[in-house]
1. If you roll a 1.4 angstrom probe over the protein chains with everything in place, what fraction of the accessible area of segment 59-98 belongs to carbon and sulfur, to the nearest %?
2. Calculate the spin-label point distance for Thr143 paired with Glu105, positioning each point 7 Å from the Cα along the beta-carbon direction, and give it in nanometres.
3. Taking 45 Å as R0, compute the FRET efficiency from the Cβ-Cβ separation of Thr11 and Ala134 and round it to 0.05.
4. Over segment 42-145, consider all pairs of different Cα atoms and compute the Kirkwood hydrodynamic radius from their mean reciprocal separation; express it in Å, one decimal.
5. Can you work out ³J(HN,Hα) from phi for every residue in segment 19-26, in order, using Karplus 6.51 cos²θ - 1.76 cosθ + 1.60 and θ = phi - 60°, giving whole Hz and x for Gly and Pro?
6. Roughly how many Å² of Phe155 are accessible to a 1.4 Å probe, to the nearest 10?
7. With a 1.4 Å probe and all protein chains in place, put Thr148, Thr11, Thr114 in order of accessible area, largest first.
8. For every other residue with a beta carbon closer than 14 angstrom to the beta carbon of Ala123, add +1 if it is Lys or Arg and -1 if Asp or Glu, then tell me the sum.
Amino acid sequence: MRPSVERNNATTDLVLFIVTMLVALILHALPSRLGGGPDLAPAFPLIALFIWSVRQPWFIAPPVLLLVGVLQDLLAGAPMGVWAFAFLVAFSVMRLREADGAGGEIGPLALRFTLTAVVAFGAAWGAGSFAIGAPVAPGPLITEAILTILLFPIFAWLFARRKERSTFS
């Protein structure tokens with residue numbers, strides 16, 4: 001008996017999700033590991049999590065958010081739990097699916113991502129400040145948030161172009 005096409009698509013999407021998250025985590029950690037330059041990189045894991053939350057929402061469960069956040073903290077050298085907390089807060093606050101707008105157009109998605117990023121970076125700032133016992137300098141986080149927000153439409157457009165596999169349209 002042949003497996004159904006739907007099961008194959010779900011398996012393919014799960015593999016793509018895992019690969020995408022690993023690549024996003026590595027890309028985010030590269031600047032801090034290379035040294036010599038600023039430790040700023042767009043929050044690729046946040047972008048990937050958001051895109052997958054639109055494409056396959058059931059992949060983005062709290063344990064996944066915790067795992068990705070802890071891996072991001074480990075790879076980037078942040079205090080443990082900062083990004084896990086930030087991802088949980090951001091995706092809990094911004095969980096309303098109706099906010100995507102009709103047809104999942106890029107504009108409403110970019111607006112929703114911007115709000116998600118603001119919540120995530122705000123939560124990361126708060127958790128980081130709590131972890132070290134003093135307010136964290138907001139400049140690098142603000143720069144990283146701006147880079148992340150500006151890059152999001154490019155990634156959203158790339159995923160939305162694959163209409164046969166995307167739920168954006």
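The values are calculated or read from the model by the stated rules, or taken from the named source; none is laboratory data. Computed from a predicted structure; not experimentally measured. Glycine gets a Cβ as well: all are built from the backbone with ideal geometry, and neighbour counts include every protein chain shown. When the accessible area is computed, the model is the full protein with side chains, heavy atoms only, and any ligands, DNA or RNA have been set aside. Shrake-Rupley method; radii C 1.70, N 1.55, O 1.52, S 1.80 Å.
1. 78 percent
2. Label-label distance for Glu105 and Thr143, simple model: 3.5 nm.
3. Rounded to the nearest 0.05, the efficiency is 0.45.
4. After inverting the pairwise mean of 1/r, the radius is 13.9 Å.
5. With the stated coefficients, segment 19-26 comes to 5, 4, 5, 5, 5, 4, 5, 5 Hz.
6. Approximately 60 Å² of Phe155 is accessible to the 1.4 Å probe.
7. If we order Thr148, Thr11, Thr114 from most to least accessible, we get Thr11, Thr114, Thr148.
8. -2
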